[in-house]
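Take a look at the structure set out below.
Coordinate-derived values only; no laboratory data. Since this is a predicted model, take the numbers as computed values, not measurements. Heads up, the Cβs are rebuilt from the backbone with ideal geometry, glycines too, and the neighbour counts pull from every protein chain shown.
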Amino acid sequence: MPFMQLTSLRRLRGALPVALSLLTPVSFCQMGVTSAPALNPAAQASPKPSDLLHPALSQVSQAVVALNISRWKAPGEVRGATQQNVDSIQRDLNSTLPGLLSTADSAPDSVSAVFPVYRNIDALYDVLLRVSGTAMLAAPNDEASSVANALNKLESARADLANAILNASRNNETEVEKLKVAIRQQAAAAQPAAPPKTTVVTDGPAATPASTTKRKKKPAPPASGATSPSTAPPQQ
């Protein structure tokens, strides 16, 4: 019987170096997760991110707290890296996520307010995936199953949050387009109407008014007693 345990431990040691490269402790502070300013909520509010994530986060917290990594059948460096990952998960659940969720809950329709939560959950999933992979190799069955179930729950919650962000983005785009149309309509109504254009049809040269036609003056009749040169008597 001891020989069988020794053989199993040797096989485990042969498989763990492959996974050891994936077990580098991850700090959530290195993920670039920062809080975003909250914006005014839209008319149709999206579900609060905390409502979507709370059941999964509670299950993750319970699963990692119940782990007894010091008794896992794994080399010391593997147990140490896993413990650091678990500590990082607990710090994120207790310190980082509450502030991000508070900001996102105040503006659930704001993509800039909710997306930092999604990015944090995505990083949390990656770290928990590493813990779960090690637990499948070295942890007791109950601990490995607990972490695997929490991982599946978190994956489903992450998908729900992504869909909520996508729907909020589409609603915001629709509202912006409506505002653009309303602004264009108001601008068109505010412009004064242009005066009607008069079309002049020309059929030929314009007629000269009668009042402007120059008339030739008739010569004045000769004065009485005056003799016309043609009728004057010849001189003797």
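Quick notes on this structure:
- Sparsely packed loop sites in segment 117-196 (the trypsin sites (Lys or Arg not before Pro) outside DSSP H, G, I, E and B with at most 12 other Cβ atoms within 10 Å) do not occur.
- Once divided by 2.2 N^0.38 Å, the Cα radius of gyration of segment 45-123 becomes 1.32.
- Segment M136-R184, extension gain: residue separation times 0.36 nm, minus the distance between their alpha carbons: 11.2 nm
- For the residue pairs K48/K73; K153/K178; K48/K178, alpha carbon separations beyond 30 Å are given by K48/K73; K153/K178.
- Counting charges near Y125 (Lys, Arg +1; Asp, Glu -1) among other residues having Cβ under 12 Å from its Cβ returns a value of 0.
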